[in-house]
1. Given only helices, namely DSSP H runs of n ≥ 4 each adding -39500 (n - 2.57), what is the per-residue ellipticity at 222 nm of the chain, to the nearest 500 deg cm²/dmol?
2. How long is the gain from Lys161 to Arg25 if the chain were fully straight, where each residue apart is worth 0.36 nm and the alpha carbon distance is subtracted?
3. Please turn the phi angles of segment 155-160 into ³J(HN,Hα) values with the Karplus equation 6.51 cos²θ - 1.76 cosθ + 1.60 (θ = phi - 60°), one per residue in order, whole Hz, x for glycine and proline.
4. Taking the Cα-to-Cβ direction at Ser141 and at Arg180 and moving 7 Å from each Cα, how far apart do the two end points lie in nm?
5. Given just the C-alpha atoms of segment 4-131, how large is their convex hull per residue in cubic angstrom?
6. Under a cut-off of 15 Å between alpha-carbon atoms, report the aspartates and glutamates in cross-link reach of Lys184, not counting same-chain residues fewer than 8 places apart.
7. Quick one: compute a quarter of the convex hull surface over the Cα atoms of segment 76-202 and quote it in nm².
8. Using the Cα centre of segment 142-199 as the reference point, and only Cβ charges (+1 on K/R, -1 on D/E), how large is the resulting charge dipole? Debye, rounded to the nearest 20.
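Values quoted throughout were computed directly from the atomic coordinates according to the rules given, and no laboratory measurement underlies them. Note that the coordinates shown come from a computational prediction; the quantities given were computed from them, not determined experimentally. Cβ sites come from the backbone with ideal geometry, for glycine too, and all protein chains shown count toward neighbours.
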Amino acid sequence: MTTRPAVYVVEDDVGMRDAVSLLLRSAGFDVHGYPSAETFLQQVDCSNPICLLTDVRLPGMDGIALFRHLVRLGTEPAVVIITGHGDIPMAVAALKEGVVDFVEKPFDPGMLLDSVSNASRRASANRERRAGVAEIEARRSTLTPRECEVLALLVEGHLNKVTAAKLDMSVRTTEHHRARIMEKMGARSLSQLIKMMIGTHG
């Protein structure tokens with residue numbers, strides 16, 4: 001069985017944590033369990049998007065506070081929350097804030113797996129998008145200061161003639177800079193180049 005991406009389970013109830021971890025491992029996930037939000041934050045590198053399954057009620061920082069903390073860190077977490085009946089209003093509010101799903105206790109194993117699978121796909125998509133943005137930024141860092149100026153005007157939609165006038169250079173020189181920018185950025189067309197730059201600021 002091919003191992004799926006890692007899932008981090010934060011649950012203070014050892015029996016529940018072990019049962020959920022066993023269920024997820026049976027579906028091929030690489031599972032890591034933690035008894036509290038604080039332990040999780042101490043031991044896990046959250047600099048990239050992750051897939052997280054957490055109970056609402058935890059000692060110390062609760063599951064929703066953990067989600068909000070990760071959002072403030074800019075990590076784009078894909079989170080599924082396990083909730084008791086009395087916590088549903090909190091879970092619904094968190095859903096509006098970007099939680100992938102919440103699963104009410106006692107939960108159906110199939111529904112939990114579906115929710116975690118959706119969260120895992122979102123985390124993977126977020127990681128891929130971030131990697132793409134990092135690659136574009138790395139390419140842009142190879143541009144000269146003048147090429148950066150030309151690029152900025154290209155993205156604003158200015159024609160070569162206008163760009164040349166704004167930067168006080170010839171149209172031919174502008175065209176040369178544009179060709180070098182396209183080559184360095186790996187763009188096959190102006191529209192692709194503009195989409196790249198819009199994507200890094202989306």
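1. Details: 9 runs with 115 residues, N = 202.
Here the helix-only value at 222 nm equals -18000 deg cm²/dmol.
2. Values: separation 136, 0.36 × 136 = 48.96 nm, distance 6.05 nm.
Additional length available on full extension: 42.9 nm.
3. Listing the rounded values in order: 5, 6, x, 6, 6, 4 Hz.
4. 2.0 nm
5. Numbers: hull volume 11.9 nm³, N = 128.
Spread over its residues, the Cα hull of segment 4-131 gives 93 Å³ apiece.
6. Leaving aside aspartates and glutamates fewer than 8 places away in the same chain, those within reach of Lys184 are Glu135, Glu137, Glu147, Glu149, Glu175.
7. Numbers: hull surface 40.1 nm².
If you wrap the Cα atoms of segment 76-202 in a convex hull and average its projections, you get 10.0 nm².
8. Numbers: 9 positive and 6 negative charges, 30 e Å.
The calculated dipole for segment 142-199 is roughly 140 debye.
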